[in-house]
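Below is one structure. I have some questions about it.
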């Protein structure tokens with residue numbers, strides 16, 4: 001299968017050294033996006049993130065914290081479908097198109113957080129971008145519609161969904 005046209009014309013596909021690496025490459029080639037996820041462990045929330053949005057659509061990768069992996073994967077799949085259809089999301093914006101009942105918000109992810117939380121993406125883009133690529137955190141609201149950091153948001157959200165980009 002020929003590689004799809006890319007917004008990164010000089011992109012060099014990394015060499016796989018593990019079966020997990022091979023899966024990342026296969027998913028990005030076949031489905032445009034790979035989604036990595038992990039369940040919650042003590043003192044760290046569950047997370048999921050994309051690999052391939054930047055390569056295939058010139059769109060920031062996405063990182064989502066605090067939802068069970070299967071739910072987070074569904075949310076990121078929805079975002080990938082929207083991006084494939086031409087949607088563009090940016091830091092500071094909201095979207096009513098991702099979740100059925102609530103909007104989501106997007107926030108920039110600082111480089112240090114991106115590098116620490118998204119190792120597969122950093123590996124994937126490493127040779128082309130020195131590991132640097134744009135990334136947005138997907139923020140989801142509590143049942144009362146409040147986002148982390150907003151007045152009225154539940155205290156548990158601070159641990160499950162920390163906001164990685166400090167407010168300006």
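If you line up the long axis of helix 19-31 against the longest principal axis of the chain, both from Cα atoms, how many degrees apart are they, to the nearest 10?
The angle comes out near 90 degrees.
Another question, then. Rank-order 13-23, 104-114 by packing density, defined as the average count of other C-beta atoms within 10 Å over each peptide's residues, highest first. Provide the component values of the computation, followed by the final result.
Working: 13-23: 11.6, 104-114: 18.5.
The most tightly packed comes first, giving 104-114, 13-23.
Looking only at segment 19-160, where both bridge partners belong to it, what percent of the DSSP beta bridges are antiparallel (to the nearest 5)?
On the way: 15 of 19 bridges.
Around 80 percent antiparallel, to the nearest 5.
Okay, next question. Compute the angle between helix 119-129 and the longest alpha-carbon principal axis of the chain, please, reported from 0 to 90 degrees and rounded to the nearest 10.
So the inclination is approximately 50 degrees.
Now for a separate question. Order these by the 10 Å Cβ neighbour count, fewest first: 57, 49.
Details: 57 18, 49 27.
The order, fewest Cβ neighbours first, is 57, 49.
Given a Förster radius of 45 Å and the C-beta distance between residue 11 and residue 165 as r, what FRET efficiency does 1/(1 + (r/R0)^6) yield to the nearest 0.05?
Working: r = 26 Å, r/R0 = 0.59.
With a Förster radius of 45 Å, E is 0.95.
Here's a follow-up. How high is the FRET efficiency between residue 150 and residue 84 when r is their beta carbon distance and R₀ equals 30 Å, given to the nearest 0.05? Could the numbers behind the result be given before it?
On the way: r = 31 Å, r/R0 = 1.02.
The value I calculate is 0.45.
Quick check on the exposure proxy: order 94, 46 from fewest to most C-beta atoms within 10 angstrom. Can you show the working numbers first?
Numbers: 94 15, 46 20.
With the fewest neighbours first, 94, 46 line up as 94, 46.
Let me ask something else about it. Can you pull the three principal axis extents for the Cα set of segment 39-96, in Å, largest first?
Principal extents (largest minus smallest coordinate, Cα): 37, 22, 16 Å.
So what is the 222 nm mean residue ellipticity for the chain from helices alone, if each DSSP H run of at least 4 adds -39500 (n - 2.57) and you divide by all residues, rounding to the nearest 500 deg cm²/dmol?
Working: 6 runs with 57 residues, N = 168.
The helix-only estimate for the chain comes to -10000 deg cm²/dmol at 222 nm.
Could I ask something else about it? Among 25-32, 37-44, how do they line up from the highest to the lowest mean number of other beta-carbon atoms within 10 Å? Intermediate values should be presented prior to the final figure.
Numbers: 25-32: 15.6, 37-44: 11.0.
Top to bottom by mean Cβ count within 10 Å: 25-32, 37-44.
On C-alpha positions alone, give me the angle between the axis of helix 69-84 and the longest principal axis of the chain, in degrees, nearest 10.
60
Values quoted throughout were computed directly from the atomic coordinates according to the rules given, and no laboratory measurement underlies them. Remember, predicted model here, so these are calculated numbers, not experimental data. We place every Cβ from the backbone using ideal geometry, glycine too, and count neighbours over all the protein chains shown.
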